[in-house]
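These notes are about the structure you will find just below.
The values are calculated or read from the model by the stated rules, or taken from the named source; none is laboratory data. The model shown is predicted, which means the values in this text are computed figures rather than measured ones. Glycine also receives a Cβ, built like all others from the backbone with ideal geometry; neighbour counts cover every protein chain displayed.
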Amino acid sequence: MFSSVNNKISGVHLTSNTKQSIVAVLSVTFGISMYVFMNSFMSGVNDTQTNLAFTAMAHVRVYNDGPVDNTNLLKKVLPANTVVNLRSAKVIQYTEGIKNSRQIVSLLQHQPETTGVTTQVNINVSYHNGAVRINGLLSGVDVENEERLFGIGRYMLQGEWAQLKNRSDGVIVGSGLAKNMSLNINDNLNLVTDGGIVKNYKVIGIFETTIANTDKSKAYINIGAARQLLSKNADYVTDIQVNVKDYSKARQTAGAVAPAIPYKVEAWQMANGQLEAGSNLRDIIAKAVSLTILLVAGFGIYNIMNMTVSQKIREIAILKAMGFSGGDITQIFLTEALVIGVVGGIVGMVFGFFVALAVNNVPFKIGGLQTLPMTYKAHDYILAFIFGLLTTFVAGYLPARKASKIDPVTIIRG
Amino acid sequence: MDTTIALKGTAINKFFYQPEPFQVLKDISFSVNKGEFLTLVGKSGSGKSTLLYVLSTMDTDYKGSLEINGAVLTGKSQNQLAAFRNEHIGFVFQFHYLLVEFTALENVMLPALKLGKKSREEIEANAYESLKMLDLREQALKPANMLSGGQQQRVAIARALINNPSIIMGDEPTGNLDSKNTKVVFDIFKQLTRERGQTIIAVTHDDDFARNSDRIIELSDGNLLKTNTIGE
């Protein structure tokens, strides 16, 4: 099938007009390097966004979703079309939090995808300092596991995260909260739970996640201290947080354990649709822009190949007169296009890598970032190469087919 | 099957439809023997070139039938015809039509490389031999566009000969050459028919060239006027 004569002719065409060949190669190089760069940058942005989100949120959360819907108790016993007027229904007995947490934690830890499990006792509180009152969330945490899942230690401005383990009177507060409450290390923080219990803690650390809402309202205490505050036993938790190996597959893990757990099991995507949507939309934009660039590059190649065919129309006619078939002619020009595609693709991947590297070093000091984010994934490079090759194939095939249909008689007779 | 007949055309008719319907070849039947040096003559527009391109198998838009070396070629696919031309027909045109990006040697070798029946070394040796015969040994490695007009035409002849075709067709092969080079080309053609038994069919405007060939076929307004066998 691949005749060496045809390849030789392709080779001579490519090398005899070097300038034109280089322009064609450059257009592919440009398309592919932009594809690589755009996608690396977008997935860098997405990863950063996700990592930031996961500082306060686990991949899967188990919690007590509250009592069932009791707005119409009578519908269970009366026919569907009965008119019911029921006012001010009240739940008189309702179990808060998760009771048999040890069993559930053990179940979650034995899932193959699980990388970490931590338990929390989260309490809605109102912080008081003199006349200032701020509503917020007091999170009683398992200090070591919390660190393993969320890496809070990285965000500590003052004090040390690990100290919380041994200080049942200690609290670590967000930087915004500390500022609003005029708190420094070793100051007292007075708080009231929604159950009306008042308690005093000592500030032993200040953290800053850069998520303003968290920094302004959240404080951490030891999980034992939180249970004490609510007068609950050592098995009581409100939330179990689970991290899995691949966060994009959190739904599967949640789905797998949900039947065995009598509480709400929620993957992060369910609770944070906007994060997933944002990340998918950015992916779509990156793909759309880079494919457009590739398409433009494809038109460049199409143009150059078309020009080459027009320039060599007599040569093609003479080749056909000498006995080269339409297939041979197609092969000659398609080979040229594919050589341009492969060379442009390889150079484009290398060039794209260096563009990504350069942009990755541009300073960008917002929201905990130092430089613009970037990922380096082999799969982006491979896709860019495949798309580039496909583009050149199509852009080369059309002129090649045109060349193969040239009628030698019309051309030679003029 | 008559083995002495190289080419046979039977009742060949051809029409041009643009700008208006016009019959360019009218019921032409003739045959050419092996080793014959045939010239096609006639005024401009008489249809002689059109006939040559029908005979060459490149133009397939005609009525009638065409046989070369006993094989009926009418109705075959373009690809089959291309393969047939590659092996059995050599072309020399008014303009050399060499591939200017290749050397003279490479131009000569191309049809044989396409045929692929011999090794590259053999083909190269044959190409050198042809070039030597045409007094072009020194020009072999020059790019085709660096040669003079007469040299280019001789390279084109060497290219037509490389696959040792049974028929060589020329469309005014000497139309662009001076009298000295015309003589050279004519002598080569004559030599090929005499020494190798190859058949030559050439369209020409050159009366001297025609007169010295074996047979002249004259066309006028698409009709076969007469066939003169020289010396009769």
The condition of being charged (D, E, K, R), over 26 Å from residue A:116 (Cα atoms), out of contact with any helix residue (DSSP H, G or I) (no Cβ under 8 Å at 6 or more places or on another chain) and assigned to a helix (DSSP H, G or I) holds, among A:202, A:179, only for A:179
Filtering the range A:195-239 down to residues that are among the polar types (S, T, N, Q) and at pLDDT below 90 yields A:209, A:210, A:213, A:214, A:231, A:233
Of the listed residues (A:42, A:57), the one being surrounded by 15 or more Cβ atoms within 10 Å (Cβ to Cβ), outside any loop (DSSP other than H, G, I, E, B) and either more than 14 Å from every other protein chain (Cβ to nearest Cβ) or not hydrophobic (A, V, I, L, M, F, W, C) (or both) is A:42
Result of the Cβ filter at 7 Å on the range A:362-390, keeping first residues that are at negative phi and partners that are of a type in the set (D, E, K, R) and outside any strand (DSSP E or B), at least 6 apart or interchain, is A:373/A:47; A:375/A:47
The residue from A:108, A:177 that alone is surrounded by 13 or more Cβ atoms within 10 Å (Cβ to Cβ) and over 30 Å from residue A:252 (Cβ atoms) is A:177
Conditions (1) within 15 Å of residue A:37 (Cα to Cα); (2) assigned to a helix (DSSP H, G or I) -> residue A:399 fails only (1)
The correct count of residues that are farther than 25 Å from residue B:201 by Cα and crowded, with 18+ Cβ neighbours inside 10 Å in the range B:114-131 is 2
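So that you can scan it fast, the table gives a plain yes or no per residue for (1) at negative phi; (2) in contact with a Leu (Cβ under 8 Å, 6 or more places away or on another chain):
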position: B:28; (1), (2): yes, yes
position: B:35; (1), (2): no, no
position: B:38; (1), (2): yes, no
position: B:45; (1), (2): no, no
position: B:53; (1), (2): yes, no
position: B:56; (1), (2): yes, no
position: B:70; (1), (2): no, no
position: B:80; (1), (2): yes, no
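Can you find a residue that is among the aromatic types (Phe, Trp, Tyr) and surrounded by fewer than 24 Cβ atoms within 10 Å (Cβ to Cβ) anywhere in the range A:295-302?
yes
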Taking the range B:87-98 and the residues there that are within 7 Å of chain A (Cβ to nearest Cβ) and buried (at least 23 other Cβ atoms within 10 Å of the Cβ), the one that is nearest to residue B:177 (Cα to Cα) would be B:97
| request: Using the structure shown, decide if residue A:309 is more than 11 Å from chain B (Cβ to nearest Cβ), over 44 Å from the mean Cα position of the chain (by Cα), part of a helix (DSSP H, G or I) and not hydroxyl-bearing (Ser, Thr, Tyr). | output: yes
For the range B:118-141, the count of residues that are free of Cβ contacts under 8 Å to residues at least 12 places away in the same chain and not in a helix (DSSP H, G or I) equals 2
**Study point:** residue A:5 under 30 Å from residue A:282 (Cα atoms) and either buried (at least 17 other Cβ atoms within 10 Å of the Cβ) or among the hydroxyl-bearing types (Ser, Thr, Tyr) (or both)
**Key:** no
When the range A:3-39 is checked residue by residue, the ones that are touching a Ser or Thr at 6+ places or on another chain (Cβ under 8 Å), within 14 Å of another protein chain (Cβ to nearest Cβ) and over 21 Å from residue A:303 (Cβ atoms) are A:6, A:7
Taking the range B:181-206 and keeping only residues that are assigned to a helix (DSSP H, G or I) and touching a residue at least 12 places away in the same chain (Cβ under 8 Å), one is left with B:181, B:182, B:184, B:185, B:186, B:188, B:189, B:190, B:192, B:193, B:194, B:196
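Considering only the range A:199-220, state which residues are aliphatic (A, V, I, L, M), free of Cβ contacts under 8 Å to residues at least 60 places away in the same chain and over 15 Å from residue A:154 (Cα atoms).
Residues satisfying the conditions are A:203, A:204, A:212.
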*asked:* Scan the range B:3-10 and tell me whether some residue there is closer than 24 Å to residue B:210 by Cα, assigned to a strand (DSSP E or B) and over 19 Å from the mean Cα position of the chain (by Cα).
replied: yes
Taking the range B:142-160 and keeping residues more than 10 Å from every other protein chain (Cβ to nearest Cβ) and either more than 22 Å from residue B:178 (Cβ to Cβ) or outside any helix (DSSP H, G or I) (or both) leaves B:142, B:147, B:148
Considering the range B:40-69, residues that are acidic (Asp, Glu) and without any contact (Cβ under 8 Å) to a residue 60 or more places away in the chain, and then whichever is farthest from the other protein chains (Cβ to nearest Cβ), we arrive at B:61
Counting only residues in the range B:11-68 that are touching a helix residue (DSSP H, G or I) at 6+ places or on another chain (Cβ under 7 Å) and part of a helix (DSSP H, G or I), the one nearest to residue B:166 (Cα to Cα) is identified as B:53
Over the range A:319-372, the set of residues more than 14 Å from chain B (Cβ to nearest Cβ) and of a type in the set (Lys, Arg) is A:365
